[in-house]
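Just below is one structure, and these are the notes that go with it.
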Amino acid sequence: MRVAVVGAGAHIGGAVLFDGAVVEEGTVVRASIVGARARIGRGCVLDEAVVGDHAVVGAGNELRSGVRVWTGAVLADRAIRFSSDQ
């Protein structure tokens, strides 16, 4: 069993992090599921999203309600954004 790792300044609420999941600094994870050994990059926002096992979500992505990331998928930094800020 590998424990999940949560970086400094990250906020986790009502979420499930499976074994070996990594949530990097400054990320917000609300009401979401992060699969085993998945990695969520710095400064992401996950809100009612699901990230599959071994997936990698690059820094600065926003995964809002209904977004699903397949097992093993890789999202580049800032690939999915819903806000208008840069």
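General observations
- Those residues of the stretch 42-78 which are open to solvent by 80 Å² or more (accessible area, probe 1.4 Å) and over 25 Å from Ala8 (Cβ atoms), in sequence order: Ser65, Arg68, Trp70, Thr71
- Residue in the stretch 64-72 that is in a strand (DSSP E or B) and within 9 Å of the chain's Cα centre (by Cα) present: no
- Matching entry among Leu46, Leu75 (being at pLDDT 95 or above and more than 9 Å from the chain's Cα centre (by Cα)): Leu75
- Scanning the stretch 6-17 for residues that are closer than 18 Å to Val56 by Cβ, in contact with a Lys or Arg (Cβ under 8 Å, 6 or more places away or on another chain) and open to solvent by 40 Å² or more (accessible area, probe 1.4 Å) turns up nothing.
The values are calculated or read from the model by the stated rules, or taken from the named source; none is laboratory data. Everything quoted here is computed from the prediction, not taken from an experiment. FYI the Cβ positions are ideal-geometry reconstructions off the backbone, even for glycines, and counts take in every protein chain you see. Just so you know, the surface numbers come from the protein's heavy atoms only, side chains and all, with ligands and any DNA or RNA stripped out. Shrake-Rupley method; radii C 1.70, N 1.55, O 1.52, S 1.80 Å.
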